[in-house]
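Reviewing the structure listed below.
No value in this document is a laboratory result; all are computed from the given coordinates. Given the structure is predicted, the values throughout are model-derived calculations rather than measurements. For neighbour counting, all protein chains shown are included, and Cβ atoms are generated from backbone atoms with ideal geometry for every residue, glycine included.
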Amino acid sequence: MHLIRCFVAVCLMLHAVVPTPCGASEVQTMRFSTQVKAENHAFKQRQLFVSTLCNKLGWHCALESYPPQRVEALLRQGMIDVEVGRAELFANIVPEAVKVPTQLTLAHFAILALANNANANQARTWQDLRPLRVSYIRGYKFIEKHSEIAQLHPIDHYHSCIGMLLAKRSDVCLISVERIQELLQEERQQTKDFYIQPFTSEPLFLYLSKQKAHLLPEIEHVMRQMHTDGSLQKIFADPAAPLTPKR
């Protein structure tokens, strides 16, 4: 009995001196951000991804939503550690940010226009959009790079997409596929009154602040595992029914 009490006492002393097992890394508290608004389905997907990733890494993590320019400033300052879901052009905006090589997911975009807009209903390519007035959610840099489009109109909310079309202030809205049916329901619009054409896809990645660049190998290792076992694809699977292009 005396030996047992001594053993317990020694264990407690060792635990006080060495709180983590030998070789274990310090628990990280990580701040993740996204430009996706918290009420969107895509935000919930990103939340699940962050939770899964951090559980595998043994980290404490939180995901917050910020406007695109705010995210960029916070990442530069090291006030945010990881930005979730940005295209490759993000490296041009925040050059010091470090891209995690394994792709997070694909963002799918569609053309949304009024069904009675004959010119918009012919659009299939970037070149087709050239003479049209095109609205899009502010912050999508891969859209802004297409200088062949003469009239690009950034908007702050998805609901403005429908409003711009109905007010005849834009011919086309480039919008995330997963948001279309939900948006039409919220705006009490019928699908038959709109032209919907799947248009393009853009790979999305994680970007680390330069202050957390040393964590790249750990994050990339888990990202590759999640991609290989299919858990990454499962998280970002789109539950919405496939869109049928209206021609």
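Just a few scattered comments:
- Compared with the direct C-alpha span, the chain from Glu144 to Met79 gains 20.7 nm at full extension, assuming 0.36 nm per residue.
- With the highest mean first, a sort of the peptides 143-154, 67-78 on other beta-carbon atoms found within 10 angstrom per residue produces 67-78, 143-154.
- Computing FRET efficiency as 1/(1 + (r/R0)^6) for Gln190 and Ser65, where r is the C-beta to C-beta distance and R0 is 30 Å, gives about 0.50.
- Label corresponding to Cα Rg over 2.2 N^0.38 Å when calculated from the structure given, among (i) 1.05; (ii) 0.96; (iii) 1.29: (iii)
- Full-stretch length increase - Gln151, Gln211 - with 0.36 nm per residue and alpha-carbon distance subtracted: 17.8 nm
- Across the chain, C-alpha contacts under 8 Å between residues 6 or more apart give a mean separation that, scaled by the residue count, equals a relative contact order of 25 percent.
- Full extension of the chain segment joining His108 with Ser201 gains 33.0 nm, where the gain is 0.36 nm per residue of separation less the Cα-Cα distance.
- Sum of side-chain charges, His157 neighbourhood, beta-carbon under 14 Å (Lys, Arg +1; Asp, Glu -1): -2
- Per-peptide packing, taken as the mean over residues of other Cβ atoms within 10 Å, places 88-94, 228-234 in the sequence 88-94, 228-234 from highest down.
- Computed from label points 7 Å out along Cα-Cβ, the spacing between Glu218 and Gln181 is 4.0 nm.
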